[in-house]
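Student: First the structure, then my questions, so here it is.
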Amino acid sequence: MEATFLLTLLVTFLASFIGYELISKIPQTLHTPLMSGSNAISGITLIAGILIYPEVGSSEVLKVIVLIAISFATLNIVGGFSVTGRILEMFKKND
Amino acid sequence: MIEIILLLSSVLFIFALKLFGKPSTAHRANTFAMLAMALAVLSGFNFDFSKYDAPFYITIAVSAIFGVIISKRVQMTQMPELVGLFNGFGGGASGAIAYVELSNSSLPISDYFVAIFSMAVGMFTFSGSFIAVLKLRGKLNNVNSTIANIFSAFLPPLILIPAVWDLEFFVLELFIAIALVAGVVRVVVIGGADMPVVIAFLNSLSGIAAMSAGFIVNSIILIVAGALVGASGIILTLLMCSAMNRTLFQVLKGGFGDTKINNEYEKDPISTSPEDVAIQLSYADSVVIVPGYGMAVAQAQSAVKELTNTLKSKDVEVKFAIHPVAGRMPGHMNVLLAEVDIDYEDMFTLEEINSEFSTTDVVVVLGANDVVNPLARTDETSPIFGMPILDVDLAKQVIVIKRSMSPGYAGIANPLFINDNAKMLFADAKEGLENIIKSFELV
């Protein structure tokens, strides 16, 4: 248990570090698509919704709250990627 | 098998960020990120799709359709609002998941605190983002920051209420209410021009909320993706802050520009006409255009493109100087210019172009104000002193297209407007440019 927790912390640290290193190099021109793309990625919490939905049990209220979370996260992901695609399309055409 | 999918997904997310680094590869970044997300979602199901009922699938399908519709209908000038809106949804989702986990299962004590944290951050992001959207739409006026800050100081102690009155089962709901109110109060005091910082900061928080949700449900992919988003948001937040020479704390405290000082001008500015500007521009060898939020408000980017084409056809060199905090979100001006096919090779950052202004013939300031205010260099008492600005006052001639002499966000006069080398063209950005373009035909 303890070893897993430490490993998880290590992963957290490494992911933050890689993120920091990579994103520091992104030019100002691409900051908006970066924001909108990373914003879409923050909808990853959808997976948490998928994981816990079968386990909420008999409580209808909790079930509805998970569905709301799933709805929000899906909106975040689909809308976010779609709009990022639209923005990047504009950068593509002047290549 | 699941582990391999998750590993692949994490690697793809990281590659996606790497590809974001260059305009030429950035469109592939989105494809990679989408693929990574699809794999992550697949792993969540654990190959057992029968565990889920109809309401579940309907919710996903309907939300996905709405997401696409919203994203297709929004104009590029409204991009900051849209990012803010989606961000709020992401934060709200993480907060809701944390709430369900807290009320449903008996979490180990370490997870309990992570869940409380995730719930608070998620709900704060949710309400804060919606207030930011309203701010960006101009639907909310500034609230007095002193009163709001005193009020918010009283929020944390409210958490003790259940302990005092022994209201055990209301603890979580009260926590959510406090986080929601805190989000509203915090963002409502911050002015529109500070929104680049706020949007980036909320973006970071939504990543942190997702990351901590990952700890509760034991999902590595949530932790990896959440951490990546959290890092990206923090970098942009700090970049925006340093571009204004203010700390994150100073921005979040709000109230910037509330006190209007030194608002008077010593003399009248020289005003000019579209015809004169056209003549001036056609005799120039080099022109630098400085876009600001005024260009976005007036939707003037097409007119900018047309002017650029006209000038280039007359062998005038045209460059764009973009301040990091111009507009309402990081990179806002770049996107608007890219929308009308202006080459990103012609867009320059502050560091790249500042040394060139002294040899530039004409600078056209288009709806920008504080980011070209020379007081940032000269007046130690000025609220913007020390902020890196575009040194357009050093150019041979400056044309400022602006509707009036009203001060910018910082609430201070801009001596650039009455400089000897500067002329004012009093017009809305789009209308002003269109009149200049028309006048070219007569030159």
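Student: Which of rounded, prolate or oblate describes chain A when judged by the alpha-carbon gyration tensor and an a/c cut-off of 1.5?
Tutor: oblate
Student: Quick one: length gained pulling B:LYS139 to B:PHE426 fully straight, 0.36 nm per residue minus the C-alpha distance?
Tutor: Extending this stretch completely gives an extra 100.7 nm.
Student: Over every pair of different alpha-carbon atoms in the range B:74-253, take the mean of 1/r and invert it; report that Kirkwood radius in Å.
Tutor: After inverting the mean inverse Cα-Cα distance, the result is 16.7 Å.
Student: Which shape class applies to the range B:59-164: rounded if a/c is under 1.5, otherwise prolate when a/b exceeds b/c and oblate if not, where a ≥ b ≥ c are the square roots of the Cα gyration tensor eigenvalues?
Tutor: Because a/c hits 1.5 or more and a/b fails to exceed b/c, the range B:59-164 counts as oblate.
Student: Give the average, rounded to an integer, of partner chain Cβ atoms located within 10 angstrom of each Cβ in B:120-127.
Tutor: What the average comes to for B:120-127 is 1.
Student: Just order B:352-363, B:183-194 by mean Cβ neighbour count inside 10 Å, highest at the front, would you?
Tutor: B:183-194, B:352-363
Student: Mind checking B:50-61 for the average number of partner chain beta-carbons within 10 Å of each residue's beta-carbon?
Tutor: Whole-number average of other-chain Cβ neighbours for B:50-61 is 4.
Student: Ok, one more. I'd like to compare B:225-233, B:398-406, B:55-63: which one has the highest average count of other Cβ atoms within 10 Å, and what's the full order after that?
Tutor: By packing density, highest mean first, the sequence is B:225-233, B:398-406, B:55-63.
Student: Which pairs break 29 Å Cα to Cα here: B:LYS314/B:LYS423; B:LYS22/B:LYS319; B:LYS18/B:LYS402; B:LYS396/B:LYS430; B:LYS22/B:LYS139; B:LYS51/B:LYS72?
Tutor: B:LYS18/B:LYS402; B:LYS22/B:LYS139; B:LYS51/B:LYS72
Student: Check B:VAL363: other-chain or 5+ apart residues with amide H under 5 Å from its amide H, H built from backbone geometry?
Tutor: Here B:VAL288, B:GLN397, B:VAL398, B:ILE399 satisfy the definition.
Student: Right, here's the next one. Round to the nearest 0.05 the FRET efficiency obtained for B:VAL171 and B:THR146 when R0 = 45 Å and r is the Cβ-Cβ distance.
Tutor: 0.90
Student: Apply the membrane-span-like helix rule to chain A: whole DSSP H runs, Cα extent along the own long axis of at least 24 Å, mean Kyte-Doolittle hydropathy at least 0.5. List the helices found.
Tutor: Span-like helices in chain A: A:2-24, A:60-92.
Student: Right, next: Taking R0 as 41 Å, what FRET efficiency do you get between B:THR359 and B:GLN78 from their Cβ-Cβ distance, rounded to the nearest 0.05?
Tutor: 0.65
Student: Give the average, rounded to an integer, of partner chain Cβ atoms located within 10 angstrom of each Cβ in B:29-41.
Tutor: 5
Student: Turning to a different aspect of this structure: Could you work out the percent of alpha carbon pairs in the range B:274-440 separated by over 30 Å, rounded to a whole number?
Tutor: Taking all Cα-Cα pairs of the range B:274-440, the fraction more than 30 Å apart is 7 percent.
Student: Also: Under Stokes-Einstein, with the Kirkwood radius over Cα pairs standing in for Rh, what whole-number D in µm²/s applies to chain B at 37 °C and 0.692 mPa s?
Tutor: Translational D for this selection: 136 µm²/s.
Student: Related question: In which sequence would B:THR125, B:THR77 go, from the one with the fewest C-beta neighbours within 10 Å to the one with the most?
Tutor: B:THR77, B:THR125
Student: Shifting gears a bit: With angles folded into 0 to 90 degrees, how steeply does helix B:2-19 sit against the dominant principal axis of chain B? Use alpha carbons for both and round to 10.
Tutor: Once rounded, one gets 10 degrees.
Student: Hey, another quick one. Give me the one-decimal nm value for the distance between modelled label points at A:SER58 and B:ASP346, 7 Å along each residue's Cα-to-Cβ direction.
Tutor: 6.9
Student: I've got another one for you. With only alpha-carbon atoms in the gyration tensor, what are the semi-axes of the equivalent ellipsoid for the protein assembly as shown, in Å, largest first?
Tutor: 45, 26, 18
Laboratory data are not the source of any read-out in this text; all were calculated from the coordinates shown. Predicted, not measured: the structure shown is a model, and the values here were computed from it. When we count neighbours, we look across all protein chains shown, and the Cβ atoms used for this are built from the backbone with ideal geometry, even at glycine.
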